[in-house]
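Novice: What follows is a single structure, and I will ask about it in a moment.
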Amino acid sequence: LPISDRTVVLGEPGVGKSALLRFVALSLLDPESPDQSLAPVWGERLPVWLSFNAWTRALALDEATNLEDFLFTWLHQHSADELRPLLADALQDRRLLLLIDGLDEQHNQAAANVALDRLDTFLSAHGIPVVITSRPAGYERVRRPIGEWRHGRLMDFGSAQIQAFAKFWF
């Protein structure tokens, strides 16, 4: 995974894009994580995972006006209102790490265009790092966020890699 302030991770269906984002979030949130390789880069950041599809659905239904509203609403919907001050602080002091899953899985094109406009505005205002996932073919069809983005591609695990991964975690 090429690490930068703006990263796109591409991969075919089922290769582990969503799992990678969850791995990043859980590794950063767990001080005793067996993988500390992300800590030097993003260790002081609060990782927040969100579904691009869910965000565009909320925009289409007029349930969110911007990314911050969506994040706070999402916390409320998941009975996590006690985390709102933590999220607010991370937004204010730019300690957020945004993990957006499925750029190519929007609710509809109009909502996706609105979401991307708001993402561009949010990133320029807050200057926080973001990792976005997408399928390669879908990524070619969507409007891309503004700015310089590094791209990485996930490949299928081979048999030896699956065994090494299972041994590492289990």
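The values are calculated or read from the model by the stated rules, or taken from the named source; none is laboratory data. Keep in mind that what you see is a predicted model, and the values were worked out from it rather than measured. Cβ placement follows ideal geometry from the backbone for every residue including glycine, while neighbour counts extend to all protein chains displayed. Each accessible area value is taken on the protein alone, full model and side chains, heavy atoms only, with ligands, DNA and RNA left out. Shrake-Rupley method; radii C 1.70, N 1.55, O 1.52, S 1.80 Å.
Novice: With every protein chain left in place and a probe of 1.4 Å, what is the accessible surface of F52, to the nearest 10 Å²?
Specialist: F52 exposes around 0 Å² with every protein chain in place.
Novice: Shifting gears a bit: Loop only per DSSP, at most 16 neighbouring Cβ atoms within 10 Å: give me the trypsin sites (Lys or Arg not before Pro) in segment 105-149, ordered by residue number.
Specialist: R143
Novice: Okay, moving on. State log₁₀ I(q)/I(0) for the chain at q = 0.09, 0.16, 0.18, 0.19 Å⁻¹ as given by the Debye formula over alpha-carbon point scatterers of equal weight, solvent excluded.
Specialist: -0.31, -1.00, -1.25, -1.38
Novice: Whole number in Å², please: accessible area per residue of the chain, 1.4 Å probe, ligands, DNA and RNA not counted.
Specialist: 55 Å²
Novice: Consider just the alpha-carbon atoms of segment 14-72 and return their Rg together with their Dmax, both in angstrom.
Specialist: Every Cα atom of segment 14-72 included, Rg and Dmax give 14.3, 41 Å.
Novice: What does the accessible area of E82 come to, in Å² to the nearest 10, when a probe of 1.4 Å is used?
Specialist: 130 Å²
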